[in-house]
Amino acid sequence: MKQFQYIRPITQQSVLAAIAQPGTKIIAGGSNLVDLMKHGVMTPDKLVDINKLPLRNVSTVKNGVHIGSLALNSQVAEDKQVVAKFPLLSQALNAGASAQLRNMATVGGNMMQRTRCPYFYDVALPCNKRNPGSGCGALEGFNRMHAIFGMSEQCIAVHPSDMAVAMAALDATVIIAGKKGERRLPFVDFHRLPGNTPQLDNNLAKDELIVAVEIPENNYAAHSHYLKIRDRASYAFALVSVAAALDIDNGTIRSARLAMGGVAHKPWRLTAAEKALVGKPANAASFEQAAQVAMQGAKAFKDNAFKLKLAPAAIIEALTHAAGLA
Amino acid sequence: MDEQYNEGLPDGQGQSAGNPRRDFLKKSTLLTAVALTPGVAVKAAENHVDEHVAAVFEKLPVDIEINGVKHNVLVEPRVTLLDLLREQLNLTGTKKGCDYGQCGACTVHVDGHRVNSCLTLAVMVDGKKVTTIEGLAKGDELHPMQEAFIKHDGFQCGYCTPGQIMSAVACVREGHAGSEMEIREYMSGNICRCGAYPNIVNAIMEVKAGGQQV
Ligand SMILES: Cc1cc2nc3c(=O)[nH]c(=O)nc-3n(C[C@H](O)[C@H](O)[C@H](O)COP(=O)(O)OP(=O)(O)OC[C@H]3O[C@@H](n4cnc5c(N)ncnc54)[C@H](O)[C@@H]3O)c2cc1C
Ligand code: SF4
Ligand code: FES
Ligand code: FES
C-alpha cells in the first residue's frame, strides 16, 4: 500500500475543510477503501477518518427514521425500529457481506462503495472507471456478473450494495453536508449511470460528506421481502437481488415498491412495474405481468444472458414472498 | 497543517489534560509527524534531513489494549491491525488468509465486536480494546469454545481455526447461535478450506446449549 497521511478531525467543519483538499479521501469502516488501496486501485495521499463525528445514531424523526451515516450495517440491521418498520432494510443489510464486515461497514460507506467489477481491481487491465479512456475490459471480456440495464459502452459494471437496493425501494433521502450547508437528495438520484463518465459512481461532490439517510414511514412492513440470489448460500455478491414491498388491502395491491440489485450501475428502481401492480390482485398473474414490465429494455452480454431469465423469476419470487403467498 | 486537526489526532493527545508543556510538546511533535507523512523521503532530501530520521516521523502513536495488556506503539498509517499484531507484537495466533476481507482467518474482537483485522487500519483502533485468540484462555484453562472445537474435531489443518473460534464466540454472544441454520449464516464470514463446517457447527451448538459464560 502506498504511504499516506492520516488525520482524525473531531468536527464536521474540519472534515469538510480537509476533504476539500486534493488527494484526500474519507475513511469510515475502511472495508472497501482499504481493500482498494491494497490493490493499488485507489491511492489517496491523505485519509480523513470521520469516526469521531457524532453520526452513529438511528433515531425517530417526524414521519420516519433518521440513520446517521456512521451507523454500522450490523447496528442498523438489528435496530428495533428498523426491524419493526422497515424489515426490508434489515433483511437487505443482513444479506450483505459477512457478520464481521457488517460490524465494520457504515451506512455512508456502503452507499459509497465503488461500483466495480474484477477488471477494475486489476491495475494491469484496461478499465474506464479506474482509468478513463483506457477501455472497458469487461465489454468483450468475462462479463458474467455485469449489468443488463442502464449500461453504456464505457462501463457495464454493477453497484454491489444490498442495503442500497432496499433504500432505493423505500424512497429514502440522503442528507449531505457541504461548504454551503446541507442539501437533500432522493436516494434514487444519488447513484449515477455510467454514460460518458464511467469514473463517477454517484452525485456526491468530492468536498461533500454524507450525514444521514432518512426513510419515510410507509405501509409496507407487513408485506416486504428482500431476495438475494448468489453463487453460494451466503457471503457472496448478488447475481440478482430484489427488494419488494407491497401495501395490500383486502387482497388488492394499493401500492408497490420494487428495486433490483446486481443488474445496473446503480440500485435499479422499477417504477413502471410498480405502477403495473397498483389496483391488481396480489396473485401470481399480477406478479408475472409486473416482472415482464420490469424486464423491458434489458440487454445481455456474452456471459450474463442467464440474468434475463433469473431476474424476472426473482421478481416473481420476491413478490410472492412479500405477499405472504410463498 | 491546519491548527484545527490538532484536536483530532490520536485520542487524548488533543485534550489539554495534565502538564500543559508536555501536552504542547506532544501536539507539536504529532503535528510535525502528520505533516511529514507521505513524500517524506522527498522532503527529507529537500531539507537534507537524514532519511532514517524521517522514517521515525512517519509513524503515529497508537494506544491499544490487547488481551488485557496495554500497548503504546508507533505505526505507519498504512499498517493494518493484522500486521501490527503479527509483525510488530508477535501475536501470530491471528492468521492472514486472503488479506482482503474474504476469508475471516484474521477475525479479532475490537471493543467486543468481531471484525476483519486485515481491513482495519491499526491507527483506527487507537484507544480501543482488542481480543485475539491468545486472549481467550484463562491461563491453562481453555475457553469453552476452544474445548468444544477440540472435542468436535472442528478443524483439520487448523489455519482457519483462530478466526473460526473468535467468530464463533461472537456468534454466541450476539445471540446468533439459535439454530443450525442461523449458525451457518452468521459463520459464513469464515471460510474453511478443509471443510470442517459440520463439526464447527456442532461445537458452537454444544457451547450454546451448555449455556456457559462465553
Ligand atoms: C469480501 C467482501 C464481501 C462483501 N460483500 C458484500 C455484499 O454481499 N453486499 C454488500 O452490500 N456489500 C458487500 N461488501 C461491501 C461492504 O458492504 C462495503 O465494503 C462497506 O459497506 C463499506 O463501508 P465502510 O464504512 O467500510 O466504507 P469505507 O471503506 O470506509 O469507505 C468506502 C467509500 O465511502 C466513502 N465514504 C464513507 N463514508 C462516507 C461519508 N459519510 N460521506 C462521504 N463519503 C463516505 C469513502 O471515502 C470511500 O470512498 C463486501 C465487502 C467485502 C470486502
Ligand atoms: S465494466 Fe466498468 S469497472 Fe468493469 S472494466 Fe468495464 S469500465 Fe471498468
Ligand atoms: S485475512 Fe482477513 S479476511 Fe482473509
Ligand atoms: S481447518 Fe483447514 S482451513 Fe479450516
Interface residues of segment A:1-25, defined as losing at least 40 Å² of accessible area versus the chain alone with a 1.4 Å probe, are A:MET1, A:GLN3, A:PHE4, A:GLN5, A:TYR6, A:ILE7, A:ARG8, A:ILE10, A:SER14
Please report, in whole Å³, the volume per residue of the convex hull around the C-alpha atoms of the protein assembly as shown.
169 Å³
Taking Cα pairs under 8 Å and at least six residues apart, what relative contact order does segment B:144-210 come out at, in percent?
49 percent
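How large is the accessible surface per residue of segment B:69-207, computed with a 1.4 Å probe and reported in Å² as a whole number?
Working: 5890 Å² over 139 residues.
With all protein chains present, segment B:69-207 gives 42 Å² per residue.
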Alpha-carbon centroids, segment A:210-289 and segment B:150-196: separation in whole Å:
33 Å
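Which whole number gives the average, over all residues in B:120-130, of C-beta atoms from other chains lying within 10 Å of the residue C-beta?
Partner Cβ neighbours, averaged per residue: 3.
Is there a simple number for the mean count of other chain Cβ atoms within 10 Å of the Cβ of residues in A:42-55, and what is it?
Values: counts 0, 0, 1, 3, 4, 5, 2, 6, 1, 1, 3, 0, 0, 0.
The mean count of partner-chain Cβ atoms within 10 Å per residue comes to 2.
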Using the structure shown, select from A:LYS46/A:LYS228; A:LYS25/B:LYS129; A:LYS129/A:LYS206; A:LYS129/A:LYS228; B:LYS59/B:LYS138 the pairs with a Cα to Cα distance greater than 28 angstrom.
A:LYS46/A:LYS228; B:LYS59/B:LYS138
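Using only alpha carbon positions, build the gyration tensor of segment A:224-322, then give the equivalent ellipsoid semi-axes as the square roots of 5 times its eigenvalues, largest first, whole angstrom. Numbers along the way, then the final one.
Working: eigenvalues 108, 42, 23 Å².
For segment A:224-322, the ellipsoid semi-axes come out as 23, 14, 11 Å.
Could you work out the helix-only [θ] at 222 nm for chain A, with each DSSP H run of four or more residues adding -39,500 (n - 2.57) and the total divided by the number of residues, to the nearest 500 deg cm²/dmol? Please list the in-between numbers first.
Working: 12 runs with 92 residues, N = 326.
So the calculated ellipticity at 222 nm is -7500 deg cm²/dmol.
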Determine the total buried accessible area between chain B and chain A, counting protein heavy atoms only with a 1.4 Å probe; round to the nearest 100 Å².
3500 Å²
Going through segment A:49-134, which trypsin sites (Lys or Arg not before Pro) have at most 11 other Cβ atoms within 10 Å and a DSSP loop state?
A:LYS62
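Contact order normalised by length for segment B:60-135, with contacts defined as Cα pairs under 8 Å and 6 or more residues apart; what percent is it? Present the calculation step by step, with values, prior to reporting the outcome.
Details: 155 pairs, mean separation 30.6, N = 76.
Reported relative contact order: 40 percent.
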Globularity ratio of segment B:103-188, using Cα Rg and 2.2 N^0.38 Å:
1.10
What's the average, rounded to a whole number, of partner chain beta-carbon atoms within 10 Å of each residue's beta-carbon in A:100-109?
5
Just read off the accessible area of B:TYR197 with the full protein assembly in place, 1.4 Å probe, to the nearest 10 Å².
80 Å²
Given the C-alpha centroids of segment A:39-118 and segment A:132-183, what is the distance between them in whole angstrom?
17 Å
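For segment A:209-241, state which trypsin sites (Lys or Arg not before Pro) are in a DSSP loop and have at most 16 other beta carbons lying within 10 Å of their beta carbon.
Values: sites: A:LYS228, A:ARG230, A:ARG232; in loops: A:ARG230, A:ARG232.
Sparse-neighbourhood loop trypsin sites (Lys or Arg not before Pro): A:ARG230, A:ARG232.
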Give me the residues in segment B:167-214 whose solvent-accessible area, probe 1.4 Å, is reduced by at least 40 Å² once all protein chains are included instead of the chain isolated.
B:GLU185, B:TYR186, B:SER188, B:GLY189
Please report the carbon-and-sulfur percent of the accessible area for the protein assembly as shown; probe 1.4 Å, protein heavy atoms only, DNA, RNA and ligands left out.
53 percent
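When only the heavy atoms of the protein chains count and the probe is 1.4 Å, how do A:LEU227, B:LEU142 rank by accessible area, highest first?
B:LEU142, A:LEU227
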Where labels lie 7 Å past Cα in the beta-carbon direction, separation of B:GLU134 and A:LYS275 in nm
6.4 nm
At q = 0.12, 0.22, 0.24 Å⁻¹, what log₁₀ I(q)/I(0) does a Debye calculation on the Cα points of segment A:41-115 give, no solvent, two decimals?
-0.36, -1.04, -1.17
Heavy-atom accessible area of A:VAL58, protein chains in place, probe 1.4 angstrom, given in Å² to nearest 10, is 30 Å²
For chain A, set up a Gaussian network in which alpha carbons nearer than 10 Å are linked by springs, and say which option among A:GLY96, A:GLY68, A:GLY279 fluctuates the most.
A:GLY279
Using a 1.4 Å probe, how large is the accessible area of B:HIS152, given in Å² and rounded to the nearest 10?
50 Å²
Debye intensity ratio in log₁₀ form over the Cα atoms of segment A:159-234, taken at each q of 0.13, 0.27 Å⁻¹:
-0.52, -1.28
Using a 1.4 angstrom probe on the protein heavy atoms only, line up A:VAL278, B:VAL108, A:VAL61 by accessible area, largest first.
A:VAL278, A:VAL61, B:VAL108
Could you grab the Rg to Rh ratio for segment A:159-295? Cα atoms only, Kirkwood for Rh.
1.01
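To the nearest 20 Debye, how big is the dipole of the protein assembly as shown about its Cα centre, given +1 on the beta carbon of each Lys and Arg and -1 on that of each Asp and Glu?
Numbers: 55 positive and 51 negative charges, 168 e Å.
For this selection, approximately 800 debye.
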Over all viewing directions the Cα convex hull of segment A:192-271 casts an average projected area in nm² of 7.9 nm²
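The values are calculated or read from the model by the stated rules, or taken from the named source; none is laboratory data. Treat the numbers as computed from the prediction; the structure is a model and nothing was measured. Reconstructed Cβ throughout: ideal geometry from the backbone, glycine too, with neighbour counts over all protein chains shown. What goes into the accessible areas is simple: the full protein's heavy atoms, side chains included, and nothing from ligands, DNA or RNA. Shrake-Rupley method; radii C 1.70, N 1.55, O 1.52, S 1.80 Å.
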